[in-house]
Amino acid sequence: MLRFIIRRLFQMVGVVLVLSFLLFMWLRSLPGGPVSAILGERATASRRQALEAALGLDQPIFVQYLKFLQRAIQGEFGISTQVLPGTDALEIFLMRLPATIELSFFAMLIAIPLAIPLGYFAARRRGSALDNTSIVVSLLGVAVPVFFTAFLLKYFFAIKWPIFPVSGRQSGDIDATRVTGFFVLDGILTREWDAAWDALMHLALPAIALATIPFAVIFRITRASVLDVLDEDYVRTAEAKGLTLRVIRSRHVLRNAMLPVTTIIGLQVGALLGGAVLTETVFSFPGIGQALAEAFRDKDYAVLQVLIMAAAAIFVLVNLLVDISYALIDPRVRAR
Amino acid sequence: MTDQHGTETPAPQRGRSYGERRKQRIDDLAAASVDEAPGVSLYASAWRRLRRNPVFLIGAGITLLFVILAVISPWLAPWDPAATPLLDKVRPQSNPVPGPEPGHPLGGDDRGRDLLSRLLVGSQQTLIVGVMATLLGFFGGITLGTLAGALGGWIDSVVMRIVDVLLSIPSLLLAISIAALSQKPSQWTVIVAIAVTQVPIFARLLRGSLLGQRVSDHVLAARALGVKPGAVVFRHMVPNSLGPVIVQATLVLATSIIDAAALSFLGLGNSDDRKPEWGQMLGRAQPFIYDNPHLAIYPAACIIVVALGFTLMGESLREALDPKSRR
C-alpha cells in the first residue's frame, strides 16, 4: 500500500511539473506578456523595466522557467490589479476559497444521497417508470446549461416567490463571528444559530443549481455500474446460495458497483469548479468562481494565474486521494 | 432505456421483480449455450437495433430538424436579423424590450430587432460553433492519439502526460484560460477554446483503442504480410478505432454548444451581434432578465432541445455499437 502511494506521488509530481510548464508558456503568450500580467496594462515604463530585470526576462528561457517555479513555490503570483486592487493575489484566493468549498460540499451533499440510491433502484427495476423518469431527469441535467438552471431557480424562488435570498453568502444585518471562514460551520461552532441558518438559506439555491451537474453523472455511472455487477457470476452464486436480498445488495452488488462511482465523484470536483464559476456569477456568491469570472473580465492576470494553478492543483490532489481510496477499497488496483 | 437484446433471438420478457430477474437470467444462460445466430456485422446489427429505438429516432429527428433549420433559416426568417424594425418602440427607461405585436410574434430585443428572426437565424451560428469546435477537437485529438498509440515508446509517454494534464484542468477553466490569450474575443476564440478542451478526450479514446489493437490478430496478419508500418496504422488500425470516437463526437457536439453558451454568458464570446447566435443572445439578455425573462428563455430552450437531441442520438449510438450489448 505504501509503495502504491509513493508511486502515485511521483506520478503527481510529473503532472504538476508539466502543468507548471504549460502555465508558464500560457503566461508568456498572454497579450502583453508576463510583465503586463503582473503589473497590469497601465504600468509605467520604469516599473516595467524594473520588473523585467527582476524576473530575469533577459535570461535564457529555462532559467526564466526555474525562476517562475521558484516564485510559484513561494506563493508570489503578483498583486491584484482589478478584482481587489493592491491585494496579494494569493490572499484573494485564500479569502475566497472557503465559500467555494462550502458551496461544492453542499452541492455534493444534495447530489450523492439522491443519485446513488436512484441509480441503484433504476438499475434494479430496469425499464420501469422510475428508471425511465430518472434517465430523462439526468439527461436534462446534462443538456440544461447550469447557469440557466441557476437563473430559473433564482427567478422563481428568490424573485417571484421570495423564499430564498437573491445573492451573497450572508445577510448584511447579521453580526456573525468568523472562525473558519465556512459560514455555516462558524454559526454552529459559535452557537449563533441565526447566522448558520441565514448562511444555509443563502447556500440553498446555488447548491441545488450546482448539484445538477454531479447528480446527472453520478446517477448514470451508478446505474450502469450496478447493471454490470448484477450480471456477474458472483451475484448469481450469492443468489443460488440463498443469501437474503439485503446481504446480496450490501456485500456483493453495492460494494463492487461503488468502485467506478468513487472515481467519478473525484472527477466531478473539476466539473464543480467549472460550474462554480457560472453559479457563483448568477448568485453573486463571493467564491473563487466569481473571482475567476471577474479576473477574466477585467484582465486581472495575477488573480487569474493563481486561480487556474490552484484549481488544477486541487483537482490533481483530489484525484490522488480518490486513487488511494480506490486502492483501499479494491486490493486488485494495488498490484497494477 | 433501450432494448439491449438483439432482434435475432426473441427478446426475453424483461423481469420486473427480483424473482423474475433470476428466471430470466437462467433463460439467458440457456439461450447463450445454443449455437450462435449467423454472424452479422457490428454495424449492420447496430443499425437494425437503432431503427426501432425510439430514443435514437427522437434524437436523430431533433438533430436533422436543427440542421435543416440552420440551412434554410435565412429564407424562413420574416425579418433580417440585423435590421431594427422595432427601434422606435424601445424606451430604455420604461420599456427596454418591445413586446409581441402583429408581424413580430415574439416581439423584439433591446435594440428593436425581431426576436423570432434572430432565433431562427441564430441556429446557423450555433451549428457552426458546435460543429467547428468539435471538428477541430476531433482532428487535434486524432492526430495526438494516433501519434501516441501508433508510435508508442517515449512519444506515447510525453503525449499522454500532456493529455493527462490537460484533462486535469477543469474544461471550463481551460476554455477560459485559452480565451484569455486572445486580444479581442470573437466567434473563433470560442471555437478554438472549446476545441482545445476536447483534444485530450479524443486523444485518450483513440490511443486506448489503438493500443488494444496492436496485438490483435488482424494487425499481426497485416504485419506478417509485410504491409508497411504507416499503412498498418492508417488502413488497418485507425479505421477500426473510429467508431467510439465518432460516437463521442456526437456527444461532444452537445457539450460544445452548451460550453459556447457558458462562455458567451461570461462575456467571453463574440461581441459583434449582427449575426445572432443562441449562446450570445442568452448572454446579451442578462441585463433585462428580471423584467423580460423570455429574452433568455427562448434561446436557452433552443439550446436545451438541440443539446438533448445530440445527447439522445449519441447515447443510443454508443449503446448500439457497444459489442457487450449484443446478444
Task: C-alpha long axis of helix A:61-73 to longest principal axis of chain A, angle in ° - done: 70
Open item on the list: Given an 8 Å cut-off on Cα distances and at least 6 residues of separation, report the relative contact order of chain B as a percent.
Closed with: 23
Task: Relative contact order computed over the range B:124-206 (Cα-Cα under 8 Å; 6+ residues apart), in percent - done: 52
Open item on the list: I need two numbers for the range B:268-318: Rg to one decimal and Dmax as a whole number, Cα atoms only, in Å.
Closed with: 13.6, 43
TODO: Enumerate the calculated ³J(HN,Hα) couplings along the range A:311-326 in order (Karplus 6.51 cos²θ - 1.76 cosθ + 1.60, θ = phi - 60°), each rounded to whole Hz, writing x wherever the residue is Gly or Pro.
DONE: 4, 5, 4, 4, 4, 4, 5, 4, 5, 4, 4, 4, 4, 5, 5, 4
- [ ] Go ahead and estimate [θ] at 222 nm for the protein assembly as shown from helices alone: -39,500 (n - 2.57) per DSSP H run with n ≥ 4, summed, over the residue count, rounded to 500.
- [x] -23000 deg cm²/dmol
TODO: Could you tell me the distance between the Cα centroids of the range B:205-251 and the range A:252-305, to the nearest Å?
DONE: 36
TODO: Run through every distinct alpha carbon pair of chain B and return the Kirkwood hydrodynamic radius in angstroms, one decimal place.
DONE: 22.8
- [ ] Please grab the % of Cα pairs in the range B:127-259 that end up more than 26 Å from each other.
- [x] 28
Open item on the list: Would you report the distance distribution of C-alpha pairs in chain A as whole percents per 10 angstrom bin, up to the bin with the largest distance?
Closed with: 5, 20, 25, 24, 16, 6, 2, 0, 0
TODO: Measure up A:Lys67/A:Lys299; B:Lys89/B:Lys275; A:Lys299/B:Lys89 against 27 Å on the Cα-Cα distance and list the ones that go over.
DONE: A:Lys299/B:Lys89
Task: Value of Rg to Rh for the protein assembly as shown (Rh from inverse mean 1/r over Cα pairs, i.e. Kirkwood) - done: 0.98
Open item on the list: If you scale each eigenvalue of the Cα gyration tensor by 5 and take the root, what three semi-axes come out for the range A:262-320, rounded to whole angstrom and sorted largest first?
Closed with: 22, 14, 6
Task: Compactness of the range A:170-323 - radius of gyration and Dmax, Cα, Å - done: 21.0, 66
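Say R0 is 30 Å: what FRET efficiency, to the nearest 0.05, do B:Gln93 and A:Lys160 get from their beta-carbon distance?
0.85
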TODO: Starting with the fewest neighbours, write out A:Arg249, A:Arg178 ranked by other beta-carbon atoms found within 10 Å of each beta-carbon.
DONE: A:Arg178, A:Arg249
Task: Cβ-Cβ FRET estimate between A:Gln70 and B:Thr143, R0 fixed at 30 Å, reported to 0.05 - done: 0.30
Task: Theoretical FRET efficiency, 1/(1+(r/R0)^6), r = Cβ-Cβ of A:Ile101 and B:Ala221, R0 56 Å, to 0.05 - done: 0.50
Task: the protein assembly as shown - charge dipole about Cα centre, Lys and Arg +1 at Cβ, Asp and Glu -1, debye rounded to 20 - done: 1960
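Values quoted throughout were computed directly from the atomic coordinates according to the rules given, and no laboratory measurement underlies them. All values reported here derive from a predicted model rather than from experimental measurement. Neighbour counts are summed over all protein chains in view; Cβ atoms, including those assigned to glycine, are modelled from backbone coordinates with ideal geometry.
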